[in-house]
Amino acid sequence: MEENNSKDKFIIFLLILFIIFLIVYLTKESGYYQYKAHNKAVLTEENIKRFEKDVEEGKNVTINDYVISDYVDYSNSITDLGYNIGKFTENIMNKGIKKTLKILSALFFD
């Protein structure tokens, strides 16, 4: 019974992987990524032309007026908690390793 259950779980796992593969493959083949890259290039060309026109007209220009930021902040309380746990663990490990090396150096070099 247990062997049959593990086979079912494995088959479901493979099916999920196959579905993910199909989604990624179809996204690539449909040209979605190329379309997004093309749109960014068009926007960049438009901003370059707008920048050049503003410079010719003698307007006060700043880089922030022409650069499009597509940064999305996905942080939330859970990611902040994970970051803080990681920093805490790092500090404990650094202190522990330093103390261990100090003890080893005292044993071998004194």
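The values are calculated or read from the model by the stated rules, or taken from the named source; none is laboratory data. These figures come from a predicted structure and were not determined experimentally. Cβ atoms come from the backbone with ideal geometry, glycine included; neighbour counts cover every protein chain shown. For the accessible areas, the whole protein counts, side chains as well, though only heavy atoms, and no ligand, DNA or RNA atoms are used. Shrake-Rupley method; radii C 1.70, N 1.55, O 1.52, S 1.80 Å.
Structure notes:
Residues checked against (1) surrounded by fewer than 10 Cβ atoms within 10 Å (Cβ to Cβ); (2) touching a strand residue (DSSP E or B) at 6+ places or on another chain (Cβ under 8 Å); (3) not in a helix (DSSP H, G or I):
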position: Phe21; (1), (2), (3): no, no, no
position: Glu46; (1), (2), (3): no, no, no
position: Tyr71; (1), (2), (3): yes, no, yes
position: Ile78; (1), (2), (3): yes, no, no
position: Gly96; (1), (2), (3): no, no, no
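- Filter result for Lys7 (basic (Lys, Arg) and modelled with pLDDT of 90 or more): no
- Members of the range 50-69 that are surrounded by 10 or more Cβ atoms within 10 Å (Cβ to Cβ) and not in a loop (DSSP other than H, G, I, E, B): Arg50, Phe51, Glu52, Lys53, Asp54, Val55, Asp65
- Lys87 open to solvent by 100 Å² or more (accessible area, probe 1.4 Å) and either of a type outside the set (A, V, I, L, M, F, W, C) or in contact (Cβ under 8 Å) with a residue 24 or more places away in the chain (or both): no
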